[in-house]
Amino acid sequence: RKCVETAGKEDNLMSTDASLDTREPLELLCDLDERELIKLERLLEIRRVRLQFALEHHVNTHNERMDFVHYPHIRALYNSTSAEIVLQGSVQSQKSEFAIIDMLASAHVGMSIFFCVPKFETRTTYVQNRIDRCVENVPEYKKIIGNGFFDSVAIKSFGKGVIKFVGSNVIADFTEFPADMIYVEEVDQCHQKNIGYALDRLRASRYQFKRYLGNPTERGKGINELFQKSDQREWEVPCLSCGEYTAVDWFTCVVEEIVDKEGNVLDYKLRDNEWVKGCRRDIKLICPSCGGVLDRASALGKWIPREPLNKAEGYHISMLCSMINTVSDMWQRFMEAQHDPGKLQRFFNSDLGLPYAEAGNRVTETLLDLCSDPEYDFEIKKDCAHI
């Protein structure tokens, strides 16, 4: 009953998007055993504090308040009551800001948190720049600390809980700390084998909450591997003309591939065929259903899970999700990268928040088959061998 009452109250703290489960709290709880109910009660408590921090107190390192208007896609994160969250995203996609608020909220209600950054050598810089400065800029956080122990880089007390910061490359730090929650920042840059040892810190906890975030690099590895095991949520927005919802995908809404008769991509063109460089507007996202314009900044946008049966919540966040980033700048970086595989990989990873696995940059089975065909002639297109 307490969980039902708490869930009902907290749903009013902040408008939620349509991707959240719309069933009544009692329906959600009827399938849970006692252990899961205990977890949910703590997750609801964390959500309450997380929303309070985000809406009333938190400022980032630039002394700016949280922006849920230009970043409507992050609302679902702050309303989440998932025990495991995977954030696969582009750079500057508000992943780390969520991590800080969620971590502090969790510690405040009494959680022990094991927070892993890629390297021990950069741990001090991360803690001093992202954590200490944040707490120093927020009076509420300073009030919570009071006379508590917060000066240490490695271990900090906050509210009723404690946070331990470690570098993934120092295995000695992965011992003697019983945790309720683990955080892994920039998964792909971490020592992959040691990340597994972080799970050992949770074995004695009744909660065992997990948070993973990072910028992807290779398909099926690092943060992308975790994302593939999650419910794989994609951000969808409505069309202003037909009302159909479409995922904000670069190749579906922004660019169109120009291919030859064998399916090789020769070039790209914008789906927004009225945009020209120098015009005083950004490139529009085009609806694949009717050719209308997608409402990129819509507050009615929603996260749609591709694998809803998977328990972990996974969010794919690209620069297209936020109005802070312009599509025209992304288009320029994309076109400049066409002759440079390294730049193209950075575009996929940093702008689209996707792993990079371009067929033109690896030897495929089709290419090998054609190499054995004496009658097939290769031709050079855009400085690359095409089949």
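The values are calculated or read from the model by the stated rules, or taken from the named source; none is laboratory data. Only a predicted model underlies this, so the values are computations on that prediction, with no experimental measurement involved. Note that each Cβ is placed from the backbone with ideal geometry, even for glycine, and that neighbours are counted across all protein chains shown. The protein model used for the area step is the full one, side chains on, heavy atoms only, and it has no ligands, DNA or RNA in it. Shrake-Rupley method; radii C 1.70, N 1.55, O 1.52, S 1.80 Å.
Quick look at the numbers
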read-out	value
Residues of the stretch 268-289 classified as open to solvent by less than 60 Å² (accessible area, probe 1.4 Å) and touching a residue at least 24 places away in the same chain (Cβ under 8 Å), total	8
Test: residue in the stretch 77-93 that is of a type outside the set (A, V, I, L, M) and at pLDDT below 90	yes
Test: residue in the stretch 134-146 that is open to solvent by less than 80 Å² (accessible area, probe 1.4 Å), of a type in the set (Gly, Ala, Ser) and at negative phi	no
Criterion violated by ASN264 - all others in (1) open to solvent by less than 40 Å² (accessible area, probe 1.4 Å); (2) under 25 Å from GLU84 (Cβ atoms) satisfied	(2)
Among residues of the stretch 47-99, those that are within 19 Å of the chain's Cα centre (by Cα), of a type in the set (A, V, I, L, M) and assigned to a helix (DSSP H, G or I), counted	6
Out of ARG281, ARG346, sole residue that is outside any helix (DSSP H, G or I) and of a type in the set (Lys, Arg)	ARG281
Out of GLY353, GLY314, GLY360, sole residue that is surrounded by 13 or more Cβ atoms within 10 Å (Cβ to Cβ), within 21 Å of GLU257 (Cβ to Cβ) and at pLDDT 90 or above	GLY353
Among (1) touching a Phe, Trp or Tyr at 6+ places or on another chain (Cβ under 7 Å); (2) at pLDDT below 95 - the single one VAL4 does not satisfy	(1)
Within the stretch 95-133, considering residues that are of a type outside the set (A, V, I, L, M, F, W, C) and within 15 Å of LYS160 (Cα to Cα), the one surrounded by the fewest Cβ atoms within 10 Å (Cβ to Cβ)	GLY110
Candidate set: the stretch 326-341, residues that are open to solvent by 30 Å² or more (accessible area, probe 1.4 Å) and of a type outside the set (S, T, N, Q); chosen: the one modelled with the lowest pLDDT	HIS339
Failed criterion for THR61 (all others in (1) out of contact with any strand residue (DSSP E or B) (no Cβ under 7 Å at 6 or more places or on another chain); (2) open to solvent by less than 10 Å² (accessible area, probe 1.4 Å); (3) farther than 13 Å from ILE324 by Cβ; (4) not small (Gly, Ala, Ser) hold)	(2)
Selected residue (only one of ILE145, ILE131 is within 20 Å of LEU51 (Cα to Cα) and more than 25 Å from the chain's Cα centre (by Cα))	ILE145
